[in-house]
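Beneath this line is the structure, given in structure tokens, with notes to follow.
The values are calculated or read from the model by the stated rules, or taken from the named source; none is laboratory data. Quick caveat: nothing in here was measured; it's all calculated off a predicted structure. Virtual Cβ from ideal backbone geometry, glycine too; neighbours counted across all protein chains shown. These area figures cover heavy atoms from the full protein model, side chains too; ligands, DNA and RNA do not enter into them. Shrake-Rupley method; radii C 1.70, N 1.55, O 1.52, S 1.80 Å.
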Amino acid sequence: MSDPMERYQNLGYKDALTRAHHYPIACKELSLILREAYNKLPKNLQSLIFQDTLSAFKLLPQMWTNNAVSAVHLLIQSADATLPKQKKNVAMKEFKHAMVASKRRGKVRWVEECYIELPQDVLVDIFSFLDTRSLVSASLVSRSWNAAASNNHLWQSLYATIFASDHNSSKVTGCLNGRQGEDNKDNSGVDWREAFKRAYIDNSSKRLTTSRGYCLYCNTIVWLDGMKCSSGKCGPQPKIQPVVPKSSEQVVGYLLDGSSSVVSSDSDSDLDDCFDEWYIPKLWAHPLNQYRPG
């Protein structure tokens, strides 16, 4: 069985904190680790966790979003409750500097973005690299972004990736019951964004928004992209990857004892508390055609 240091390194916080879509979850997991596991871990691992906590604060100006700020506030609260006085003071100082720098950077960013509008084909190409949650969030930014994020081919690709076994247009057409948006169909007559939405809800939306899972190929907890292992260590990928969704609490449990029970599947209630904020009705609260390119 691996030791806590090895398991912690496998959790990949160093890289996750540099990625906007993983940053909030990484901060929340670090917050839980500080509260529930920090004092039970060896000194060398405590030092590494402390350094990752400081890194999270330093990287905040690059991630200035509501989710990132909320996650960082949880992290500083845990640091304040857990760390010894000297480390607590260092963490608080770094947190305050990060908040000031983030606000300044946010103002500059707002001014710059007022004068920059990328062509639709460029936006669509950029959005093709986003996961589902990020793509839906991008659609709420502006009219231009909404039009690009509603591109039917983007949603067809996401549908094929996540619901590969159900990727059959005749099934999809029957599922939609005539509710497609006329402006967003491809030649097959399928509105893939609406198809994705319906399949997403039918397949337990909270599981599909999970950012963590146990990969049976990697034999460890990994970051997920589109419900697939993103470690790059799995070798040739099967059509449907054996990944078991995990909650933040289970990540902490894995760090502490590395128990094989982490492989077992979660009940829906295990994931409820961690992922309520990503629940699908909230993500899809804004209708597809609310914005029109101006």
- Task: Might you let me know whether the stretch 24-31 holds any residue that is under 29 Å from Arg133 (Cα atoms), under 20 Å from the mean Cα position of the chain (by Cα) and either polar (S, T, N, Q) or open to solvent by 60 Å² or more (accessible area, probe 1.4 Å) (or both)?
- Result: yes
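Does Gln51 satisfy the criteria of being over 20 Å from the mean Cα position of the chain (by Cα), in a helix (DSSP H, G or I) and more than 23 Å from Ser231 (Cβ to Cβ)?
On the way: over 20 Å from the mean Cα position of the chain (by Cα): yes; in a helix (DSSP H, G or I): yes; more than 23 Å from Ser231 (Cβ to Cβ): no.
It is false that Gln51 is over 20 Å from the mean Cα position of the chain (by Cα), in a helix (DSSP H, G or I) and more than 23 Å from Ser231 (Cβ to Cβ).
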- Query: Which one of these is surrounded by fewer than 16 Cβ atoms within 10 Å (Cβ to Cβ) and at pLDDT below 95: Ser102, Ser70, Ser47?
  - Reply: Ser70
- Message: Looking at the stretch 108-121, can you tell me whether even one residue there is surrounded by 12 or more Cβ atoms within 10 Å (Cβ to Cβ), assigned to a helix (DSSP H, G or I) and modelled with pLDDT under 85?
- Response: yes
- Note on the structure: Expected output for the stretch 122-141 (first residue small (Gly, Ala, Ser), partner open to solvent by 30 Å² or more (accessible area, probe 1.4 Å) and not in a helix (DSSP H, G or I), Cβ below 6 Å, 6+ apart or cross-chain) is Ser134/His21
